[in-house]
1. How many residues does region 214-240 contain that are in contact with a Lys or Arg (Cβ under 6 Å, 6 or more places away or on another chain) and either open to solvent by less than 30 Å² (accessible area, probe 1.4 Å) or not β-branched (Val, Ile, Thr) (or both)?
2. Residues being in contact with an Asp or Glu (Cβ under 8 Å, 6 or more places away or on another chain) and not polar (S, T, N, Q): count how many of those fall in region 183-226.
3. So if I check each of Thr154, Thr213, Thr219, Thr167, which one is hydroxyl-bearing (Ser, Thr, Tyr) and over 17 Å from the mean Cα position of the chain (by Cα)?
4. Could you tell me which numbered condition Ala171 fails, if it satisfies all but one of (1) surrounded by fewer than 16 Cβ atoms within 10 Å (Cβ to Cβ); (2) in contact with a Leu (Cβ under 9 Å, 6 or more places away or on another chain)?
5. Of the conditions (1) over 21 Å from Val215 (Cβ atoms); (2) in contact (Cβ under 8 Å) with a residue 12 or more places away in the chain, Glu66 satisfies every one except a single condition; which number is it?
Amino acid sequence: MNGPYAAFAPGGGPVEAVEAVAVVVPARDEAERLGSCLRSVRVALAGAGLPGAICVVADRCTDGTEMVAAPHAEVVRNTAARTIGELRTLGARRLLARLPARTWLLSTDADTVVPPSWVADHLRHTRRGADAVAGVVDLDDPEVLPADVLCRYTDLVRAGTGTDRHTHAYAANLGVRAEAFVRVGGFPAVPSGEEHALLARLRAAGYRVVSPTDVRARTSARTEGRAVGGLADLLRGLGA
């Protein structure tokens, strides 16, 4: 298609084409898992055919997290951010400062592995007019959970999942247009639930948020995580 547009939104307006992809990964003492995450992200970026960059925000790490990240990503050492929302925004701003305005900003977690089609899956929805995409997260190793906990978690997920859309939000599989991200002020400075808070900001500002079931990633079923109020805390709480 000629000109600066790749498609048309459902309402008939033009959709600006994405020119680059940025991926932010906060990490605190994740040397054991981070390598698998970053390798999968690099494969997904290569498959999208666009310029891409990854930023790992190392949050007070005491292990080899930064060393693991260095061959794959820009590493930013946190010295001031106190919340997970601030950590993600820190990494996003570092990348967006040197990437085109029409960048698709992706968020994932250090204990998450994305499929080779991950970036392309997100971009498919941008061509249909999405300003933000809230993807799905599957448990990578559900067998480590007690059967009753897994059953409760599965019920929670199914309750909010339809044939082609869902009502959940995961920071481990979230994408947003850079322009929209900047205009709403980035991730709110909250200690947990930063993905829900960002999506609320975007919706309030009139941006189009979609939650498809065909954009997926896999994350750890561990019950001892790094972020307060995250998936690990949820899984542990289901066993209480």
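1. First, the residues of region 214-240 that are in contact with a Lys or Arg (Cβ under 6 Å, 6 or more places away or on another chain): 223, 226, 232, 238.
Restricting the remaining residues to those that are either open to solvent by less than 30 Å² (accessible area, probe 1.4 Å) or not β-branched (Val, Ile, Thr) (or both) gives 226, 232, 238.
Number satisfying all stated conditions: 3.
2. 17
3. Numbers: Thr213 fails: over 17 Å from the mean Cα position of the chain (by Cα); Thr219 fails: over 17 Å from the mean Cα position of the chain (by Cα); Thr167 fails: over 17 Å from the mean Cα position of the chain (by Cα).
Of Thr154, Thr213, Thr219, Thr167, the one residue that is hydroxyl-bearing (Ser, Thr, Tyr) and over 17 Å from the mean Cα position of the chain (by Cα) is Thr154.
4. Of (1) surrounded by fewer than 16 Cβ atoms within 10 Å (Cβ to Cβ); (2) in contact with a Leu (Cβ under 9 Å, 6 or more places away or on another chain), only one is false for Ala171: (1).
5. The number of the failed condition is (2).
The values are calculated or read from the model by the stated rules, or taken from the named source; none is laboratory data. If you're wondering where the values come from, they're calculated on a predicted model, not measured in any experiment. A quick note on method: Cβ atoms are made from the backbone with ideal geometry, for glycine too, and the neighbour counts reach across all protein chains shown. Accessible surface areas use protein heavy atoms only, side chains included; no ligands, DNA or RNA. Shrake-Rupley method; radii C 1.70, N 1.55, O 1.52, S 1.80 Å.
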